[in-house]
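Q: The structure is given below, and queries will be raised subsequently.
Each reported figure results from applying straightforward, stated rules to the coordinates on display, with no laboratory input. What you are looking at is a predicted structure, and each value in this text was computed from that prediction instead of being measured. For neighbour counting, all protein chains shown are included, and Cβ atoms are generated from backbone atoms with ideal geometry for every residue, glycine included.
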Amino acid sequence: MRVIGCDVGQARDYSAIVVVERDDDVYRIEGIERPPLGTPYGYLVQRLGVLAGPGDRIALDWTGCGRPVLEMVRAAGVNALGVCITGGTVAQVDRNEATVPKRDLVGTAQVLLQNRRLKASRALPLAATLISELRSFRMKVNIQTGNESFEAWRERDHDDLVLALCLALWTWENLGGPLRIEAVHTHAGDRVRLF
């Protein structure tokens, strides 16, 4: 069982997919993908459908251009949690959608990295790119307002792989990771319930 984090890009930002599996208390990055700039959203929907196995959960950023992609993924029959990334202070989860402060997403990955609970093989395609993005990712504080922002240190750097990773890790840590499938016996017959 895995969680697949997906950051949906636009013309100037890459889309990114990071597949995470958990063994006991350690998270392993099983796959990293970043389609070329300009890749149609239909490809992203198809790719997520191929990657998601039974019980896997997709955590997809539906902020901005991600909302139609989330709708297309769901229309294709793939279960996905829509995550709206905010600058707020409190995460809210309602069934298959969540509103999550970016600092919570980033903080989850930061804690796991600091506690050496996140592993990735350097042999994975794009592992070096992900490491580079993690190294250049910074929190910035506006001195006048005290507001925080999280982004690549330099404007020309990308943070899409970091964000896809953060989406997967936050989902595991806060929502229990992949879907659990349970048969529920009722007087009207059996039905399947997803968690």
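Q: 5 Å is the cut-off here: which amide hydrogens, built 1.01 Å from N in the peptide plane, fall below it relative to ARG28, excluding neighbours closer than 5 in sequence?
A: GLU21, ARG22, ASP23, LYS119
Q: While we're on this one: Between THR89 and GLU71, what is the label-to-label distance in nm when each label sits 7 Å out along the Cα-to-Cβ direction?
A: Using points 7 Å along Cα→Cβ, the separation is 3.4 nm.
Q: In addition: Counting pairwise Cα distances across segment 29-103, what percent come out greater than 16 angstrom?
A: Here the long-distance tail beyond 16 Å is 53 percent of all Cα pairs in segment 29-103.
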